[in-house]
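Here is the structure we will look at, set down as structure tokens.
Taken together, the values in this text are just the output of simple stated rules run on the coordinates, not laboratory data. What you see is a predicted model; the values in this text were computed from it and never measured. Because the Cβ atoms are built from the backbone with ideal geometry, glycine has one as well, and the counts that use them run over all protein chains shown.
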Amino acid sequence: MKKRTFSSRCRDVLRRLTTASWLWWVAIGLFVLQAGTLVFVTKFGVPPDETNHISFIDYYTDHSLDPFFTDQQPTYNLGDKTREVDYLYHYVMSLVRRVLPFSHTTEFYMIRLCTVGLAVLTFWVLRRVFRRVGISDTVSALWVLLASSFSMVLMMSSAVNNDVLIWLGVALGLLLIVRLWQERRLVDLLWLAALVAYAGLAKRTLLPIAAVFTLIGAWFAVRYARQLWRELRHPTVAVIVALIVLLVGAGLSVERIGVNVLRYGGATPSCNDVQGEQACYDFWWNIRERELAQQPRGELIPRTEFVGRWLHENLINILDIQTQGWRHEVKPARWIELVWWVFLVIGLIAGVSTDVRRFMKDVLARKRLLVLAVAFAFIAVLFFVNYGEYQRTRIFGVALNGRYTLAGFLPLLGVVLWYWHRLLGRRYAVQVGLYALLLFLTMQQSGLWLLLHNPQLMHG
């Protein structure tokens, strides 16, 4: 009997796992275990802006069953909320609090668990995206394992926050666009329009990418107008439901974003715009602005230098934690950043160049490039917003929002992993070794290990 080599054994294992979707659910289970641990051990207020989110939910719970209110005194944590754009998460969570019969602390542990659920939903939606662009469940499972080895992913997946809605919004937009590409269905176009309507109400950071989704949806609507009109004339139950959801979202969006633009000249007015500088004097944002104004202004660093430093710091903020007052008592070694840059750059260069060559004859290649285009568009918009803030304040630390980068980074990571899988081909032993090493090194320098070794996590 011929002796089996290590490579052949790895090949057989990978082939079995390729057809086994259960591996993906095992990866999700490990993610839930890690995020669930953080739900109960992380002190409230340690994750980014968690205190502000809790205060807004509490205000709704204690003062208003109606999502709209006009009489509210600005406070340190809240500022003005009468014209707040992204109020939807806080209002829904206040309804959750109203029906839960537990103590204040227990109720917010439950809301943290809701965040874990939203993160799992994001992973599931992106898995469906990956399937439609030719990425196997095995690669998707590896993607979940690697994504959940980043500290910021775990932190934001286990805290009271609406940042996870950015991930979910981008994921849903990608899924609907890919589905429309594959089959022009009115119901998908309506759901895409509904996503655009609710995007800014869920998180203002989604507004720019919602504009991109609007342009793509408009192209489909014009290009296939006759087919879509025929469907509209004989609507199914699914079309009617999607249309109702869209109309409600459009009404809410007009009430908040439309009125804000007409009354205050922008979608996201400041507390000063709505209630005046005196009423908002003790709002934390205004306090920070006064402190920043007192700091000396240095010379602007060159734009190319800013780009390099911004990319470097954003990856560090994903591997580590970016939140106010975080002391970084234990932080990742600098070499782990280099490892990830090498992995990402080589994977992108090799993969994109191949997909570009196959662009005309391979529809899956075109879909993968579309996913990358949307991911890079989101990251690019975030960059220009941050650069504008840097030009205004000339303080680099103000121009960083590493956790927001995750909405573009997560789909990008999935595609890069597929590119590596294709690049290595039948070198199954090399694949197993590379992925295992990358996962081991990342988990050793980031993720749950890093968070639990920072005493600030549990004690503040």
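Ordered by the number of other Cβ atoms lying within 10 Å of each residue's own Cβ, fewest first, F384, F69, F283 fall into the sequence F384, F69, F283.
Taking the range 173-197 and a reference point 7 angstrom along Cα→Cβ of V241, the backbone N atoms nearer than 13 Å belong to 187-188, 191. When +1 charges are put on Lys and Arg Cβ atoms and -1 charges on Asp and Glu Cβ atoms, the dipole computed for the chain relative to its Cα centre reaches about 2860 debye.
Principal axis extents of the Cα atoms in the chain, from largest to smallest and rounded to whole angstrom, are 84, 63, 53. Extending 7 Å from Cα along the Cβ direction at L65 and again at A267 yields two label points whose distance is 3.2 nm. Dipole magnitude of the range 308-401 about its Cα centre, charges +1 at Lys/Arg Cβ and -1 at Asp/Glu Cβ only, in debye to the nearest 20? So the dipole magnitude of the range 308-401 works out to roughly 320 debye. Assuming R0 = 41 Å, can you tell me the calculated FRET efficiency for the pair R288 and R9, based on Cβ-Cβ distance, to the nearest 0.05? Working from the Cβ atoms, E equals 0.10. Counting pairs of alpha carbon atoms under 8 Å apart in space and at least six apart in sequence, what relative contact order in percent does the range 242-366 give? The normalised contact order for the range 242-366 reaches 7 percent. Dipole of the range 19-459 computed with +1 at Lys/Arg Cβ and -1 at Asp/Glu Cβ about the Cα centre; of Y281, V307, M152, farthest Cα towards the positive end is V307.
Tell me which of L232, A350, N161 sits at the most positive position along the dipole axis of the range 19-459, charges placed on C-beta atoms (Lys, Arg +1; Asp, Glu -1). Projecting each Cα onto the dipole axis, the largest value belongs to A350. Once the Cβ-Cβ distance of F102 and V363 is raised to the sixth power relative to R0 = 51 Å, the FRET efficiency obtained is 0.50. In the chain, taking the dipole from charged Cβ atoms about the Cα centre, the farthest positive-side position among N77, L338, V415 is held by V415. Taken as Cα centroids, the range 237-314 and the range 14-92 sit 19 Å apart, rounded to the nearest whole angstrom. With n ≥ 4 as the cut-off for DSSP H runs, can you work out [θ] at 222 nm for the chain, using -39500 (n - 2.57) per run divided by the number of residues, rounded to the nearest 500? Per the formula, -23500 deg cm²/dmol. Across the chain, the longest piece that holds none of the GluC sites (Glu not before Pro) lying in DSSP loops with up to 14 other C-beta atoms within 10 Å covers 1-182. Footprinting exposure proxy ranking of K331, K361, fewest other C-beta atoms within 10 angstrom first, gives K361, K331.
The relative contact order of the chain comes to 24 percent, based on Cα pairs under 8 Å that sit 6 or more residues apart. Under a Cβ-only charge scheme (Lys and Arg +1, Asp and Glu -1), can you give me the dipole magnitude of the range 264-361 about the Cα centre, in debye to the nearest 20? Once rounded to the nearest 20, the dipole reads 620 debye.
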